[in-house]
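Structure provided below as structure tokens; questions to follow.
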Amino acid sequence: MAREKKFRGVSIGTIVMTAITCLVVLGMALVLPKLSGNTKVTIDTDKVLQALSLDGTLPELSLSDIPIISVTKDETAPVQPTLAPVATVAPVASSTATAVSTATPTVQPTATPVPGGRFSATFGGSIIVNTELRQDHYYSESKKYDFSDVLSLIRNELTADFSMVTLENIIYPEAKLSDTVTPEDVLPMLSGVGIDAVALGYKHAYDQGMAGLTSTVTAAQSSGMTVLGAYADESSRAAQRHIMELGGVKVAVLHYTDVLSDKGKKAMKKDGLTYAVPLDAISDGAGEILADVAAVRQQGAQVVVVSLSWSAASGKTAPTKKQIAFAQQLADSGVDVIIGAGSRVVQPVTWLTGNLADGTTKQTLCAYSLGSLMNGSCTNANVAGMLLHLDISYDGQKVTFNKVSYTPTYIWRFKQDGRYYYRVVASDLPAPDGMAESQIESKDRAYKNVQKYLGEETPLVLR
């Protein structure tokens with residue numbers, strides 16, 4: 001008869017493993033519903049412990065009898081960023097959604113715009129394309145004129161918010177070429193270096209009548225430049241047409257010539273088109289200019305520049321008594337800048353004190369003449385010229401000259417491969433490559449002459 005096996009009971013290891021397994025099941029029962037939704041799970045601990053008794057086959061255990069292993073956090077494990085606690089929104093009894101109140105944004109005050117601004121301007125003297133200069137730049141192979149390199153060496157000096165020169169020529173294909181009539185090919189010499197405006201009012205501007213003047217104006221405008229001092233129609237002469245905005249400042253630029261040739265004067269009188277070439281009437285006062293200055297001020301101009309062609313002062317390195325008296329009239333009217341050309345040579349640049357109608361005074365910068373920027377008649381007197389550079393600001397009440405400087409210029413004529421060429425250079429800088437020793441001496445002399453003509457008390461500094 002076989003021996004009956006004695007029941008040895010359940011080992012402690014089995015009890016522990018069974019308890020751990022139950023705890024894992026218990027944990028999953030707690031966690032999984034929460035991961036899938038907001039289901040609330042309640043666990044009856046007494047029933048769990050009762051189930052662990054295995055229907056009386058195991059000794060009864062309390063929760064404290066189950067070993068719990070404490071796991072220490074690994075210090076090298078990456079730390080998760082702490083998020084700000086999310087506010088709990090209490091449930092709303094009503095089925096109607098309640099609007100959530102949000103904070104009213106703070107409106108920042110709008111900054112008051114500062115009136116005025118700041119701009120730079122560069123002014124050059126006269127450009128005169130006479131027969132000699134024109135012929136030297138004619139190329140028989142292409143049967144065309146090419147003046148494009150004449151001003152190329154001073155391109156940087158001409159850079160500004162606004163730049164302007166005076167052209168003492170007529171562009172009229174119907175007329176024979178001469179010292180006064182030149183081909184349209186001369187205009188890229190100006191527009192190609194960034195010149196913005198060209199003053200066309202000078203002594204011979206009306207020598208070819210209204211047809212010649214209109215042709216010149218149209219050609220210059222077609223090259224992208226603003227035209228001053230010569231007008232093909234009366235509306236272009238109106239004061240408001242002379243106001244532009246530069247760097248936030250409203251600037252008016254007006255141009256006049258002192259005399260017309262006998263031929264031009266007779267033709268304009270016959271045509272009855274006195275608006276075509278405004279005269280400054282230097283011998284009879286500045287009535288027309290003063291009216292224009294008042295008109296542009298009324299139109300909102302904050303800075304007023306008056307440009308003048310002083311043909312009557314040709315060859316004079318000092319301003320005449322009439323020039324001085326006339327410039328003072330302009331200063332007394334409140335003009336900010338006076339720019340002169342037409343004399344062929346440089347004249348002084350100075351400050352004038354304007355005595356205004358309201359009893360106050362103001363400073364006016366007066367450049368009596370900037371001389372010749374380009375002239376085919378290269379004599380010792382007229383190879384020297386200058387560029388005037390201005391840095392001006394307006395604060396809503398007054399005009400301030402932040403800097404007044406100049407570039408002395410020299411007309412360099414040289415021979416190469418059997419023909420002559422012209423270049424304008426800055427006379428205070430080292431000589432360009434290829435300039436002969438005699439030309440270097442002439443350049444340096446031109447610089448000294450400009451300094452002498454300006455005088456020791458000039459407000460100008462080298463750029």
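The values are calculated or read from the model by the stated rules, or taken from the named source; none is laboratory data. Remember, it's a predicted structure, so these values are computed and weren't measured experimentally. With ideal geometry, Cβ positions are generated from the backbone for all residues, glycine too; neighbour counts draw on all protein chains shown.
Within region 388-430, which residues are in contact (Cβ under 8 Å) with a residue 60 or more places away in the chain, of a type in the set (Asp, Glu) and outside any strand (DSSP E or B)?
Across region 388-430, the qualifying residue is only ASP395.
Further question: Out of curiosity, is THR166 of a type in the set (S, T, N, Q), under 23 Å from MET210 (Cβ atoms), modelled with pLDDT of 95 or more and not in a loop (DSSP other than H, G, I, E, B)?
Spelling it out, THR166 is indeed of a type in the set (S, T, N, Q), under 23 Å from MET210 (Cβ atoms), modelled with pLDDT of 95 or more and not in a loop (DSSP other than H, G, I, E, B).
Mind listing whichever residues of region 236-290 are hydrophobic (A, V, I, L, M, F, W, C), assigned to a helix (DSSP H, G or I) and farther than 25 Å from LEU356 by Cα?
ALA267, MET268
Would you mind stating whether HIS255 is more than 22 Å from HIS137 (Cα to Cα) and out of contact with any Pro (no Cβ under 9 Å at 6 or more places or on another chain)?
Here the answer is no, as HIS255 does not meet what is asked.
Cβ-Cβ under 7 Å, sequence separation 6+ or interchain: first residue in region 450-463 and of a type in the set (Gly, Ala, Ser), partner surrounded by 14 or more Cβ atoms within 10 Å (Cβ to Cβ). Which pairs?
Matching pairs, first to second residue: GLY455/PRO348.
I'd like to verify a number: residues in region 400-424 that are buried (at least 20 other Cβ atoms within 10 Å of the Cβ) and either of a type outside the set (Ser, Thr, Tyr) or closer than 14 Å to VAL349 by Cβ (or both), how many?
6
For ASP433, indicate whether it is more than 25 Å from the chain's Cα centre (by Cα), more than 30 Å from ASP258 (Cβ to Cβ) and not in a strand (DSSP E or B).
Against the criterion (more than 25 Å from the chain's Cα centre (by Cα), more than 30 Å from ASP258 (Cβ to Cβ) and not in a strand (DSSP E or B)), ASP433 qualifies.
Tally up the residues in region 227-243 that are under 25 Å from VAL186 (Cα atoms) and in contact (Cβ under 8 Å) with a residue 60 or more places away in the chain, please.
Here the count works out to 2.
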